[in-house]
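Have a look at the structure below, then the notes.
The values are calculated or read from the model by the stated rules, or taken from the named source; none is laboratory data. What you are looking at is a predicted structure, and each value in this text was computed from that prediction instead of being measured. Cβ sites come from the backbone with ideal geometry, for glycine too, and all protein chains shown count toward neighbours. Protein only, heavy atoms only, side chains kept; ligands, DNA and RNA dropped before computing areas. Shrake-Rupley method; radii C 1.70, N 1.55, O 1.52, S 1.80 Å.
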There are 2 protein chains.
Amino acid sequence: MDRFVSTFTNKIDAKGRVSIPAPFRAVLERDGYAGGIYCYPSLDAPALDAGGERLAQKIDGLLAGLPDYSDERDELSVALYGDVQVLAIDGDGRIVLPQPLRAHAGLQSEVTFVGLGDKFQMWAPERFDERRRVAREKVQEHRKLLGRQPPRSEGGDGEGS
Amino acid sequence: MDRFVSTFTNKIDAKGRVSIPAPFRAVLERDGYAGGIYCYPSLDAPALDAGGERLAQKIDGLLAGLPDYSDERDELSVALYGDVQVLAIDGDGRIVLPQPLRAHAGLQSEVTFVGLGDKFQMWAPERFDERRRVAREKVQEHRKLLGRQPPRSEGGDGEGS
DNA sequence: TAATGATCCATTGACGCCCATGAAATTCCA
DNA sequence: TGGAATTTCATGGGCGTCAATGGATCATTA
């Protein structure tokens, strides 16, 4: 298991702490996180993106292609690095979400963790429900357009890559 | 961790002192700073750029690429070296920002420290919010242009960061 | 001696770390 | 196969440490 899959919903306690779902923690440990996980506001959704070293390298990769001191790089740097928070994981597998991040995702008392392969997202449960509902509708439209295709069995235990 | 990541906002006290965020200090100590950090007005933003030895070497590298006695080099030299200040860090991890630097960034009572990899910037919080907003919009445009990023297969555990 | 700046000290509030509790799933045994 | 014990997790709380901040003392210099 080296990918984030499934969704889980956990509570935020009085101190702003929230448990990372155990399966996600297992992935993070495999991925390696030096000091914490990387977390930043999703660019196109009211949610937070998070992951371990692999995600960090992806960000670096984006910037690596741009020349130093170009305007483009500066802006990307600000948007990416500037928004990234490194969140420490405590001994019980919990993180603390800083206020600005919570605000972006509209997080109140609960967080829905959504696995997305090599990263995961954190949503306010209500907002995620809404998004999921829309996603389902789109899938249905697709199926109509494509003429019904037999559902591909998800079953994979075989990890790809 | 040898890179500046995340953002922090600290206060400027009555004497003009401001604490460098502890994580940044840790990076600086690893990077090495002989007597202080290098700080100068950002060329294209109402902010201050700062860093340790690595940043100084990068500036040297930039200038080295330009022919001696070229107009470009002269201008860059003046623009960069001319305004560079070496700021001492006191026993409590604080620096004092000289008036000209504060003026350039419009710093009043608070400073937002923004990690940008091998340097960091200091912004007036309000101005940084604005800049971040713009930067995020640009990134969204980028993503549209690139089409959605193909899910990069796990590859590349390459370098540690 | 007055003013300026640097070093040191104190407070407070946040955060990291530890342990306790309870629920749910899993295993083990009858 | 059913029930009980055990383990895993999520969650809540207490406490110690460290960082940020404000203030005071000391040195330096004009």
Under a 5 Å amide H to amide H cut-off, with H placed in plane at 1.01 Å, what residues pair with B:Thr9 once short-range neighbours are removed? B:Phe113
Residue-averaged 222 nm ellipticity for chain B, from DSSP H runs of 4+ at -39500 (n - 2.57), nearest 500: -12000 deg cm²/dmol
Against the globular-protein guess of 2.2 N^0.38 Å, express the Cα radius of gyration of the protein assembly as shown as a ratio, rounded to two decimals. 1.12
7 Å along Cα→Cβ for the label point: how many nanometres lie between A:Arg25 and each equivalent label in the other copies, listed shortest first? 3.1
When the Karplus curve 6.51 cos²θ - 1.76 cosθ + 1.60 is applied with θ = phi - 60°, which whole-Hz ³J(HN,Hα) does each residue of segment B:93-105 get, with x for Gly and Pro? x, 10, 10, 10, 8, x, 3, x, 5, 4, 5, 4, 8
At A:Glu130, with labels set 7 Å past Cα in the Cβ direction, how many nm apart are the copies from this one, shortest first? 3.0
Considering only protein heavy atoms and a probe of 1.4 Å, how much of the accessible area of segment A:7-146 is carbon and sulfur, as a whole percent? 51 percent
If we sort B:19-29, B:131-141, B:61-71, B:40-50 on the protection proxy, mean other Cβ atoms within 10 Å, highest first, what's the order? B:40-50, B:19-29, B:131-141, B:61-71
Virtual paramagnetic centre 7 Å along Cα→Cβ of A:Ala135, amide N under 12 Å, in segment A:7-48: A:7-8
What is segment A:7-146 by shape, rounded, prolate or oblate, if you read a ≥ b ≥ c off the alpha carbon gyration tensor as root eigenvalues and call it rounded for a/c under 1.5, prolate for a/b larger than b/c, and oblate otherwise? oblate
Links exceeding 32 Å between C-alpha atoms in this model, out of A:Lys15/B:Lys58; A:Lys119/B:Lys11; B:Lys58/B:Lys138; B:Lys11/B:Lys58; A:Lys58/B:Lys15, come to A:Lys15/B:Lys58; A:Lys119/B:Lys11; A:Lys58/B:Lys15
Measuring from centroid to centroid over Cα atoms, what is the spacing of segment B:1-36 and segment A:11-48 in Å? 25 Å
Please list, ordered by chain and number, the residues whose modelled amide H lies under 5 Å from the amide H of B:Glu110; skip anything fewer than 5 residues away on the same chain. B:Ile12
Shortest first, in nm, what separates the label point of A:Leu43 from those of the same position in the other copies (7 Å along Cα→Cβ)? 2.5
Inter-label distance, nm, simple model (7 Å from Cα along the C-beta direction), A:Ala26/B:Asp83: 5.4 nm
